[in-house]
C-alpha cells in the first residue's frame, strides 16, 4: 500500500514537472517572439526615403492662413490685424515645412510560400515629440493631376492610410504593386507663420525661405511613429516605425534627404 502511494506521488511529481517545463518553454518562446518576431516574412522593408523641404502657397482672400497656427507664436491684436490688412506686400505666402516619406517593400525570395500583397496599412500614427513651432499634420498623396501632395483637408490622414494590392504602383489611386512596391505618406508642419516681403524679386523653391523667416532647426524637430501592416493572402504582419524629422539641418537649404536601409531593429509580428 505504502509502495503504491509512493509510486502515485512520483508519477504526480513527474507529471507536474512536465507541465511546468512545458509552461516554461511556452513562456520562453513567447518572450523570444516578442523580441525577435517572425523569422521570415513574405515581404521585407527594402528602403525608407525621407525628403524634407518647404513649400509656399497663397494666403486666402481674407488675408488669413489656411491652417491653424500654434506653438510659441503670439496672437495678433485687433489693431495689429487692421494695420496688417492695410499693408500691401509683394509677397504674402503661407509656408509649410514638408517631410515626404516613401516606403519600399521587397519580396522575400527566401520565403517558402508564394504570397502577394492584399493591402498595406499605416495606422496608429503618433507624434512622440512635437515641434516647438507650428503644427504637424499627416497627408496622403493627392488624387489630382498636379504634384504628389496637396496640403489641404481633403487629403488629411485621420487614423489609417490603406494601399490596396494591384498590378503596379499608383500613388494617386493608393495602390501598391502586389509583388512589392512603394507607398507614400507626408508629415507636414502647417502651423508656421506667413512670409511677407517687398524685397524679393522671386521666391526660391524649397526650404531657403525658412532662413528668411528666422526659423531655427530646433523649432522644427519632431519624432513620429506609426504601425506598418502588410496583409497577404491569409496572414498579416505588423511592425512599428519611428522617424526623426526633418532630415538633417534643413534651414538654409533647398531640401535634405536620407535613405534608411538598416532595419536590424525592425521586428514583424503576425496578427
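The values are calculated or read from the model by the stated rules, or taken from the named source; none is laboratory data. The model shown is predicted, which means the values in this text are computed figures rather than measured ones. Note that we place each Cβ from the backbone using ideal geometry, even for glycine, and neighbour counts take in every protein chain shown.
Just checking, does segment 31-51 include any residue being touching a strand residue (DSSP E or B) at 6+ places or on another chain (Cβ under 8 Å), modelled with pLDDT of 65 or more and more than 30 Å from residue 113 (Cα to Cα)?
Checked against the condition, which is being touching a strand residue (DSSP E or B) at 6+ places or on another chain (Cβ under 8 Å), modelled with pLDDT of 65 or more and more than 30 Å from residue 113 (Cα to Cα), segment 31-51 yields at least one hit.
Please report, ordered by residue number, the strands (runs of 3 or more DSSP E) entirely within segment 58-147 with at least 3 residues that are over 21 Å from the mean Cα position of the chain (by Cα) and modelled with pLDDT under 90.
On the way: elements: 91-107, 119-129, 136-139.
Passing ranges, in order: 91-107.
Restricting attention to segment 170-184, which residues are outside any strand (DSSP E or B) and buried (at least 18 other Cβ atoms within 10 Å of the Cβ)?
171, 174, 178, 180, 181
Regarding residue 255, is this residue touching a residue at least 40 places away in the same chain (Cβ under 8 Å) and over 22 Å from residue 132 (Cα atoms)?
So residue 255 fails the test.
Filter segment 152-166 down to residues that are modelled with pLDDT of 90 or more and in contact with a strand residue (DSSP E or B) (Cβ under 7 Å, 6 or more places away or on another chain), then give me how many there are.
10
It is to be established whether one or more residues within segment 108-126 are surrounded by fewer than 19 Cβ atoms within 10 Å (Cβ to Cβ) and under 19 Å from residue 52 (Cα atoms).
Scanning segment 108-126 turns up at least one residue that is surrounded by fewer than 19 Cβ atoms within 10 Å (Cβ to Cβ) and under 19 Å from residue 52 (Cα atoms).
With exposed (fewer than 13 other Cβ atoms within 10 Å of the Cβ) and within 30 Å of residue 118 (Cα to Cα) as the only criterion, which of 160, 167, 152 stands out?
Going through 160, 167, 152 in turn, the sole match is 167.
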